[in-house]
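Following: one structure in structure tokens, then a few remarks.
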Amino acid sequence: MRELLLVGAGGLAREVLAAVRARPGVWAPLGMLDDSAARHGSTVDGVPVLGGSELVHEHPDAAVVVCVANSARPAGRLAVARKLGLPDERWATVVHPAASVPEGASLGPGTVLLAGTVLTTPLRVGAHVLAMPHVLLTHDDEIADGVTFAGRATLAGGVRVGESAYLGQGSMIREGVTIGAEAVIGMGAVVLSDVPAGQVWAGVPAKKLTKGTT
């Protein structure tokens, strides 16, 4: 088993820890790291919060996974990973045993697939991608680094998702659509056309949200 550090000590870290524990004999959780000093010295689901994220450099043999996701800061997880500056071999790729990943699929370093995630064909998924439970990715989809898929987000075929885009819970993306970098798709949205980088879209069918929209 390889020791594992989880960067972040919130709800997502608990979910990733549960996925890690579902594959006994692969990872040995060493601790969580969080830049909020108020969490230091606490215990989360039996794992100690050792200190800030910079402690990854004091444990050079441990694998690391970043457990950060926030629709208000869609590039946050990738920013943390880049700040830490670790080589690819330090990043853990965590796949829950209840995820379905076909032979020939490629998962980038630091990527996490939680329970029920399905890749229907071999795909290349970027680095530090997060797929929460019951995400569906289908044929010819292209997933860049740092993308977040909230629970039950669904891509039809040939969808391209740009770096650090955030797809909300239950969102559905039409075949052939492009989601731009750092775009945010709201919960339950049905996206039928391309979404430019950095925009927030929601609704059925999804449309761009303007300032003041509730």
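The values are calculated or read from the model by the stated rules, or taken from the named source; none is laboratory data. On a predicted model such as this, the values are computed, not experimentally measured, just so you know. In this analysis, Cβ positions are derived from the backbone assuming ideal geometry, glycine residues included, and neighbour counts consider all displayed protein chains. Each accessible area value is taken on the protein alone, full model and side chains, heavy atoms only, with ligands, DNA and RNA left out. Shrake-Rupley method; radii C 1.70, N 1.55, O 1.52, S 1.80 Å.
Across all directions, the average flat footprint of the convex hull enclosing the Cα atoms of the range 47-122 is 6.5 nm². 3J(HN,Hα) along the range 106-123, derived from phi through the Karplus expression 6.51 cos²θ - 1.76 cosθ + 1.60 where θ = phi - 60°, amounts to 10, 10, x, x, x, 7, 10, 10, 8, 4, x, 5, 10, 9, 7, 9, x, 10 Hz, with x in place of Gly and Pro. Each residue of the range 151-160 was assigned a 3J(HN,Hα) from its phi angle through the Karplus expression (A = 6.51, B = -1.76, C = 1.60, θ = phi - 60°), giving x, 6, 4, 9, 10, 6, x, x, 7, 10 Hz with x at Gly and Pro. Projected label points at Met187 and Asp45, each 7 Å from Cα along the beta carbon direction, are separated by 2.1 nanometres.
Shape analysis of the range 101-146 based on the Cα gyration tensor places the equivalent ellipsoid semi-axes at 14, 13, 9 Å, largest first. Remark: C-alpha extents of the range 28-74 on the principal axes read 32, 22, 18 Å, sorted largest to smallest.
Here the Debye sum runs over all C-alpha atoms of the range 1-99 as equal scatterers in vacuum, and log10 of I(q)/I(0) at q = 0.14, 0.15, 0.25 Å⁻¹ comes out as -0.47, -0.55, -1.54.
Note that the range 41-54 has calculated 3J(HN,Hα) couplings of x, 7, 10, 10, 6, x, 10, x, 8, 7, x, x, 5, 5 Hz, one per residue in order, obtained from phi through the Karplus relation 6.51 cos²θ - 1.76 cosθ + 1.60 (θ = phi - 60°); glycine and proline are x.
Need one value: the accessible area of Arg124 in square angstrom, 1.4 angstrom probe, rounded to the nearest 10. Approximately 150 Å² of Arg124 is accessible to the 1.4 Å probe. Shape annotation for the range 113-201: C-alpha extents along the principal axes are 28, 22, 21 Å, from largest to smallest. Solvent-accessible area of Thr138, all protein chains in place: 20 Å² (probe radius 1.4 Å, heavy atoms, ligands and nucleic acids excluded).
A cut-off of 5 Å between modelled amide H atoms, ignoring neighbours fewer than 5 places along the same chain, links Val7 with Leu33, Val65, Val66, Cys67.
Highest mean first, the peptides 196-202, 54-60 sorted by other C-beta atoms within 10 Å per residue fall in the order 196-202, 54-60. Does anyone have the angle between helix 11-21 and the longest principal axis of the chain? Alpha-carbon axes, 0 to 90°, nearest 10? The angle comes out at about 70 degrees. Computed over the chain, the Cα gyration tensor eigenvalues convert (square root of 5λ each) into semi-axes of 29, 19, 14 Å, ordered from largest to smallest.
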